[in-house]
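Okay, so here's the structure we're looking at.
The values are calculated or read from the model by the stated rules, or taken from the named source; none is laboratory data. Because the structure is predicted, anything quoted here is derived from the model rather than measured. Methodologically, a virtual Cβ is constructed for each residue, glycine included, from the backbone with ideal geometry; neighbour enumeration extends over all protein chains shown. SASA here: full protein model, heavy atoms, side chains in, ligands and nucleic acids out. Shrake-Rupley method; radii C 1.70, N 1.55, O 1.52, S 1.80 Å.
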Amino acid sequence: MSFRVLRPSAVTLASFALLALAHAQQEPPKPPVQPQSQAWEKLITPGLTYRMEIDLSLPRVIHALKYTPGGQSVTARAETALDRIFEPDDVNKGRATLTATMARTGAIAGINGDFFPWTGDPIGAMVRNGELLSTPYPNRSVFGWGAGYSAVGPLTYSGKVIFEGGELKIDGVNQEVGEKMLVLSTPAAGWVFTKSTAVHAILESDKALSPDGAFKANVRLFVPDLTKVKVEPGTMILSATGNLMSRLAKVPRGQEVTIDIRMTGIDWSKAVHTIGGGPMLIKDGKLALNPSVEKFSADFSTTKHPRTAIGSTAKGDIWMLVLDGRQPMSRGAGLDELARVMQRLGCTNAINLDGGGSSTLAIAGMVVNRP
């Protein structure tokens, strides 16, 4: 999954140049002292700045974007690789390169975001323009933002479908349906996938799924015994496996049901986007690393890897950062070092995102780091 900064018109990014000036001297000049660390910043467009840092003593190379919310020339949102989460007939399934996704959406800059499996489904919570695309991974941190607002922390999720005579728990949204599960899929998913045969209840609804709210929908029809179903516009699909199949099938065709989805941990009156990841790096200005609680191993946390992070400052700016690693020119970082880098940039809240080979930052269609 990725995080993109968009603007209606195209932008040309100017390159940097280092100029050497020669001065006449009475004796041969001494070799210049090579600075151990350097940093550059370049304004891409009002509201968006690119920063590059090189520290030869470590060595370490950092690329970052600073986005200032609230301006009219730049907006930022979480985005899926394709215009749907699942794509069964493509060799890459629901995955795509960052630059391809930027070209599709018209973004001028972006970073890779949440962790993802082979299908491309975001593993953590994802909300785009107020629409829930993916439910949270238990205990893992998310970053949420809106105009003048940002927050980090884990989210709690609960969902249910209420019908005449009972209710059923909804285990997740827009994800592969495992054994003994009930999953709600929206047009944003594109397709429903199940690991075994299932019963699918097609609901009539043209609503964007809210991360915190309830709405009513009518049961149009039931489709049994399929492991793959397309989600058409104006519909949602409830898919049940295992012993939940018979319970879902008892809901009469044509009955009105209530879908109730609740996610807590972020103020949804202010946040319109979230992206998942983890673990948390900084909370309220203080280092807040606790990887084991978010089910990350000690080796993942301490080994120096390429890293990606997102955070916000007390002034409301958002930093999106990629730190290169696993190569001679940049060794990578452990999570504690990554947290201190984000803190040095002024972040008071920050989380880790999907790093390693996925760490990518691109501007104007060009990848500027070295994945």
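The residues listed here are Ile266, Ile282; of these, the one that is touching a residue at least 24 places away in the same chain (Cβ under 8 Å), of a type in the set (A, V, I, L, M) and open to solvent by less than 10 Å² (accessible area, probe 1.4 Å) is Ile282. Just to check your reading of the model, which residue among Gly311, Gly277 is surrounded by 18 or more Cβ atoms within 10 Å (Cβ to Cβ) and touching a Cys at 6+ places or on another chain (Cβ under 8 Å)? Going through Gly311, Gly277 in turn, just one is surrounded by 18 or more Cβ atoms within 10 Å (Cβ to Cβ) and touching a Cys at 6+ places or on another chain (Cβ under 8 Å): Gly311.
Annotation note: Cβ proximity below 8 Å between a residue of segment 338-361 that is within 11 Å of Ile310 (Cα to Cα) and a residue that is open to solvent by 20 Å² or more (accessible area, probe 1.4 Å) and part of a helix (DSSP H, G or I) (sequence gap 6+ or interchain) occurs for Ala350/Gln343. Applying a threshold of 6 Å to beta carbon distances and a minimum spacing of six or more residues, or different chains, the list of pairs starting in segment 95-116 at a residue that is charged (D, E, K, R) and ending at one that is open to solvent by less than 40 Å² (accessible area, probe 1.4 Å) and part of a strand (DSSP E or B) reads Asp114/Ile275; Asp114/Gly276. Those residues that are farther than 18 Å from Lys207 by Cβ, assigned to a strand (DSSP E or B) and open to solvent by less than 10 Å² (accessible area, probe 1.4 Å), I need them from segment 226-263; list them, please. Ser239, Ala240, listed by residue number.
Within segment 235-244, is there a residue that is closer than 20 Å to Asn129 by Cα and in contact (Cβ under 8 Å) with a residue 40 or more places away in the chain? There is at least one residue in segment 235-244 that is closer than 20 Å to Asn129 by Cα and in contact (Cβ under 8 Å) with a residue 40 or more places away in the chain.
Against the definition (open to solvent by 20 Å² or more (accessible area, probe 1.4 Å), closer than 16 Å to Ile54 by Cα and not acidic (Asp, Glu)), how does Gln343 come out, yes or no? Judged against the criteria, Gln343 is not a match.
Looking only at residues that are touching a Pro at 6+ places or on another chain (Cβ under 7 Å) and either buried (at least 22 other Cβ atoms within 10 Å of the Cβ) or of a type in the set (Phe, Trp, Tyr) (or both) in segment 137-153, which one is nearest to Lys315 (Cα to Cα)? Checked segment 137-153; the qualifying residue nearest to Lys315 (Cα to Cα) is Trp145.
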